[in-house]
Amino acid sequence: MAEDVGDGIVVTPAWEDELMVAVPARHPVLAFKQIPLEEVLHYPLVLGDPLICEGHARQVDRILRKYEREPLIVQHVASFDLMMTLVSAGLALGLAGAAHVASSRELGVVARPLAGKPPMLTTYLLCRDTEAPEMLARFIDRVASIDSAESLSSIGNPRSTR
């Protein structure tokens, strides 16, 4: 991901979120406390639209492509809320970050972790390779205080990371 940006852009991981499975209530896959990814691939999936949620979609696609079985993607959606609506209706399983799934107020959706070492979705902070404006510097400080990622300490002076 980070290597895909252009020149003059500094890429820093801001935080990570575990990839979770959003499952319709009463779905047979709920027999698993932790769902093997191979099992997820047996069912229809609803995922973020790669044109709208490019970074997220690329990370999820990279995780899904680790297996020979082709995922059955029935719908790409423009929003997480629409994903949860389709999952709640029983049309498909969804894959999203733990924070999104946990914050969902959609009835009829159960969150389950994937089995094994949990795949992580990374959110990146992209900045120009120049001194950060005051507002951006405050945002960076705020993110650093929320998530104690060591890599954020170098963002205050982006030139030092190149």
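Quick notes on this one:
- Apart from one condition, residue 101 fits all of (1) modelled with pLDDT under 85; (2) under 17 Å from the mean Cα position of the chain (by Cα); (3) of a type in the set (A, V, I, L, M); the exception is (1).
- Candidates 129, 81, filtered to the one that is at pLDDT 90 or above and charged (D, E, K, R): 81
- Pair list, Cβ < 6 Å and 6+ apart or interchain, from segment 127-145 residues that are on the phi < 0 side of the Ramachandran plot to residues that are among the aliphatic types (A, V, I, L, M) and open to solvent by less than 90 Å² (accessible area, probe 1.4 Å): 127/10; 129/10; 140/155; 143/14; 144/152
- In segment 63-79, residue farthest from the chain's Cα centre (by Cα) [restricted to those that are open to solvent by less than 40 Å² (accessible area, probe 1.4 Å) and closer than 19 Å to residue 17 by Cα]: 64
- Filter pass, residue 34 being surrounded by fewer than 16 Cβ atoms within 10 Å (Cβ to Cβ) and touching a Gly at 6+ places or on another chain (Cβ under 8 Å): yes
- Hey, residue 49 more than 16 Å from residue 101 (Cβ to Cβ) and at pLDDT below 90 or not: no
- Between 21, 46, 110, 60, the distinction of being assigned to a helix (DSSP H, G or I), in contact with a strand residue (DSSP E or B) (Cβ under 6 Å, 6 or more places away or on another chain) and either open to solvent by less than 60 Å² (accessible area, probe 1.4 Å) or under 30 Å from residue 141 (Cα atoms) (or both) belongs to 60 only.
- Among the residues of this structure, residue 126 does not count as one that is open to solvent by less than 40 Å² (accessible area, probe 1.4 Å) and part of a strand (DSSP E or B).
- Going through (1) open to solvent by 40 Å² or more (accessible area, probe 1.4 Å); (2) modelled with pLDDT of 95 or more; (3) in a helix (DSSP H, G or I) one by one, residue 29 falls short only on (1).
- Flag if residue 95 is part of a strand (DSSP E or B), buried (at least 19 other Cβ atoms within 10 Å of the Cβ), of a type outside the set (Phe, Trp, Tyr) and at negative phi: yes
- Checking each residue in segment 40-60 for being under 19 Å from residue 110 (Cα atoms) and free of Cβ contacts under 8 Å to residues at least 60 places away in the same chain picks out 41, 42, 43, 44, 45, 46, 47, 48.
The values are calculated or read from the model by the stated rules, or taken from the named source; none is laboratory data. Note that the coordinates shown come from a computational prediction; the quantities given were computed from them, not determined experimentally. Glycine also receives a Cβ, built like all others from the backbone with ideal geometry; neighbour counts cover every protein chain displayed. With ligands, DNA and RNA removed, areas are computed over all heavy atoms of the protein, side chains included. Shrake-Rupley method; radii C 1.70, N 1.55, O 1.52, S 1.80 Å.
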